[in-house]
1. On the basis of being part of a strand (DSSP E or B), among the polar types (S, T, N, Q) and either touching a Lys or Arg at 6+ places or on another chain (Cβ under 9 Å) or surrounded by fewer than 15 Cβ atoms within 10 Å (Cβ to Cβ) (or both), does residue 118 make the cut?
2. Residue 124 - would you say it is surrounded by fewer than 13 Cβ atoms within 10 Å (Cβ to Cβ), farther than 17 Å from residue 10 by Cα and of a type in the set (D, E, K, R)?
3. Do you know which residues across region 6-47 are at pLDDT 95 or above and farther than 24 Å from residue 142 by Cα?
4. Counting just the residues of region 95-110 that are without any contact (Cβ under 8 Å) to a residue 60 or more places away in the chain and closer than 18 Å to residue 163 by Cα, which one comes out least open to solvent (accessible area, probe 1.4 Å)?
5. Identify, by number, the condition in (1) over 27 Å from the mean Cα position of the chain (by Cα); (2) free of Cβ contacts under 8 Å to residues at least 40 places away in the same chain that residue 134 doesn't meet.
6. Only one residue in 55, 65 is over 20 Å from the mean Cα position of the chain (by Cα), closer than 30 Å to residue 169 by Cα and open to solvent by 80 Å² or more (accessible area, probe 1.4 Å). Which one?
7. I need the full set of residues from region 1-27 which are surrounded by 11 or more Cβ atoms within 10 Å (Cβ to Cβ), without any contact (Cβ under 8 Å) to a residue 40 or more places away in the chain and over 27 Å from residue 159 (Cβ atoms), in order please.
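The values are calculated or read from the model by the stated rules, or taken from the named source; none is laboratory data. Treat the numbers as computed from the prediction; the structure is a model and nothing was measured. Glycine also receives a Cβ, built like all others from the backbone with ideal geometry; neighbour counts cover every protein chain displayed. When the accessible area is computed, the model is the full protein with side chains, heavy atoms only, and any ligands, DNA or RNA have been set aside. Shrake-Rupley method; radii C 1.70, N 1.55, O 1.52, S 1.80 Å.
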Amino acid sequence: TGICGFRFLNLTETFMYGVNFQNTTTSANGYLDYWSDVTNDLYGFQLGGRGHYRLGSSGRWGVHLATNVGIYGNDIEVWQRMDSPTGSVRFIQTAENFNVRASKTDVSMIGEVRAGLSYLFSDDCRFYAGWRAVGITGVALANDQAPAAFIDAAQLAGYVNSSGSMIVHGLRTGFEWNY
């Protein structure tokens with residue numbers, strides 16, 4: 001059968017890189033933590049297909065295969081900041097706090113494949129188990145947001161790297177009940 005529909009996907013990720021240090025002149029200890037929080041909100045339309053083949057003479061066992069693909073609008077929000085024992089870190093040239101938000105709208109793509117088995121307990125109840133993989137392109141990942149140099153807040157406010165991609169996969173199980 002063919003499938004089509006609207007999908008919303010929210011991807012939120014945080015990256016922190018921390019450094020502990022000791023000043024050899026004053027023997028003071030401290031830390032410097034860089035944080036990057038990213039939110040991707042994907043909205044889009046998908047098309048695909050799925051098949052179900054019954055096994056054996058009773059037809060209680062079944063094999064399933066499904067796939068779909070879609071193009072999505074991606075609303076991206078990025079928040080970068082640095083912390084230290086004295087509070088927020090500041091840019092040297094402008095004295096602004098290193099606490100910057102940026103946003104961008106881009107195009108992303110999602111492809112999905114599902115494969116599995118099911119067992120029909122009755123006409124109304126079915127157990128299924130299988131594997132699912134979702135590939136996503138055109139997303140902002142938290143560890144990709146640090147620029148080559150931290151110059152000023154205006155530079156970071158205009159910087160969103162949305163060239164990331166990922167594959168998420170795993171098992172899925174459950175019961176279906178029809179009434």
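1. On the way: part of a strand (DSSP E or B): yes; among the polar types (S, T, N, Q): yes; either touching a Lys or Arg at 6+ places or on another chain (Cβ under 9 Å) or surrounded by fewer than 15 Cβ atoms within 10 Å (Cβ to Cβ) (or both): yes.
Yes: the conditions hold for residue 118.
2. Working: surrounded by fewer than 13 Cβ atoms within 10 Å (Cβ to Cβ): yes; farther than 17 Å from residue 10 by Cα: yes; of a type in the set (D, E, K, R): yes.
For residue 124, the condition - surrounded by fewer than 13 Cβ atoms within 10 Å (Cβ to Cβ), farther than 17 Å from residue 10 by Cα and of a type in the set (D, E, K, R) - is met.
3. Those that are at pLDDT 95 or above and farther than 24 Å from residue 142 by Cα: 6, 45, 46, 47.
4. The first filter runs over region 95-110 and keeps only residues without any contact (Cβ under 8 Å) to a residue 60 or more places away in the chain, leaving 95-107, 109.
Adding the requirement that they be closer than 18 Å to residue 163 by Cα leaves 102-107, 109.
Working: 102: 6, 103: 76, 104: 72, 105: 100, 106: 47, 107: 97, 109: 94 Å².
Among those residues, the one meeting the criterion is 102.
5. Condition (1) is where residue 134 drops out.
6. Working: 55 fails: open to solvent by 80 Å² or more (accessible area, probe 1.4 Å).
Among 55, 65, only 65 is over 20 Å from the mean Cα position of the chain (by Cα), closer than 30 Å to residue 169 by Cα and open to solvent by 80 Å² or more (accessible area, probe 1.4 Å).
7. none
To keep it simple, each residue is scored yes or no on (1) farther than 24 Å from residue 75 by Cα; (2) surrounded by fewer than 17 Cβ atoms within 10 Å (Cβ to Cβ); (3) at pLDDT 90 or above.
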residue	(1), (2), (3)
112	no, no, yes
139	no, no, yes
160	no, no, yes
171	yes, yes, yes
176	yes, yes, no
